[in-house]
1. Just to check I understand the Karplus step: with θ = phi - 60° and J = 6.51 cos²θ - 1.76 cosθ + 1.60, what whole-Hz values come out for segment 160-169, glycine and proline as x?
2. Taking only Cα atoms, what is the 0 to 90° angle, nearest 10, from helix 135-148's long axis to the longest principal axis of the chain?
3. Taking H placed 1.01 Å from N in the peptide plane, check which residues at least 5 places from Phe80 or on another chain put their amide H under 5 Å from its amide H.
4. How far is helix 25-40 tilted off the main Cα axis of the chain, in degrees rounded to 10, range 0 to 90?
5. Before I look further, what does segment 18-155 give for accessible area per residue, probe 1.4 Å, in whole square angstrom?
6. When the Karplus curve 6.51 cos²θ - 1.76 cosθ + 1.60 is applied with θ = phi - 60°, which whole-Hz ³J(HN,Hα) does each residue of segment 47-53 get, with x for Gly and Pro?
7. Could you pull out the pairs from Lys16/Lys76; Lys110/Lys166; Lys4/Lys118; Lys16/Lys118; Lys32/Lys171; Lys16/Lys171 whose alpha carbons sit more than 25 Å apart here?
8. Using a 1.4 Å probe on the protein chains only, how many percent of the accessible area of segment 86-135 belongs to carbon and sulfur?
Amino acid sequence: MIRKIITYPNPLLREKSALVTTFDAELQTLIKDMAETMFDAPGAGLAAVQVGVNIQLVVINTTEDDEEEEEGPSKKERTFLTLINPEILAAEGEQVDVEGCLSVLDLTAKVKRFMKVKVRAQNAKGEPLEFEAEEFFARVIQHEFDHLQGTLFIDHLSALKRNLYKKRIKKQLAEEGK
Ligand code: CO
């Protein structure tokens with residue numbers, strides 16, 4: 001089931017996500033729904049808080065690019081990685097690239113991230129996993145883990161840029177009568 005993605009300035013996006021302690025059927029349903037929601041958007045990743053559940057769970061889109069793809073429904077299998085209670089054990093290097101967020105509408109901006117990160121997390125069953133990620137994959141991981149701390153990519157921008165965005169969204173919401 002595709003879930004509704006909450007957007008800035010929803011205050012839930014600012015809360016810290018709680019540790020996952022129960023790996024039950026309800027969690028499996030949430031993971032499945034999050035993957036479906038991410039593929040539908042489409043997005044590179046999605047944190048549980050973005051569908052209104054503030055627990056330490058993210059899904060990362062690992063579907064390979066297929067530029068040769070013909071029109072019609074994709075035959076390619078869509079794949080994703082589930083990371084629960086994640087930690088960054090080590091980080092190095094630097095990369096700057098354009099980011100956006102499904103919860104931050106109508107904005108993309110350059111954000112500085114680590115080039116390489118070492119991650120420890122649990123999978124959907126609660127089993128431990130550890131791996132290294134770099135470049136775009138590392139960027140997506142850092143962006144999604146930020147969500148678990150209540151941090152958005154706009155927090156990495158200058159105060160000026162962030163305030164301009166805040167004003168623009170406020171005005172937009174006022175015009176929409178929200
Ligand atoms: Co995001």
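1. For segment 160-169, the Karplus curve yields 4, 4, 5, 5, 4, 5, 4, 4, 4, 5 Hz.
2. Between helix and principal axis, roughly 70 degrees.
3. When sequence neighbours closer than 5 places are left aside, the close amide H contacts are Thr62.
4. Orientation of helix 25-40: about 60 degrees from the principal axis.
5. Per residue, segment 18-155 has 54 Å² of solvent-accessible surface.
6. 9, 4, 4, 6, 10, x, 10
7. Flagged as over cut-off: Lys16/Lys76; Lys4/Lys118; Lys32/Lys171; Lys16/Lys171.
8. Taking all protein chains in place, segment 86-135 shows 47 percent carbon and sulfur surface.
The values are calculated or read from the model by the stated rules, or taken from the named source; none is laboratory data. Keep in mind the model is a prediction, meaning the values are calculated, not measured. The area values use the complete protein model at the heavy-atom level, side chains included, leaving out ligands, DNA and RNA. Shrake-Rupley method; radii C 1.70, N 1.55, O 1.52, S 1.80 Å.
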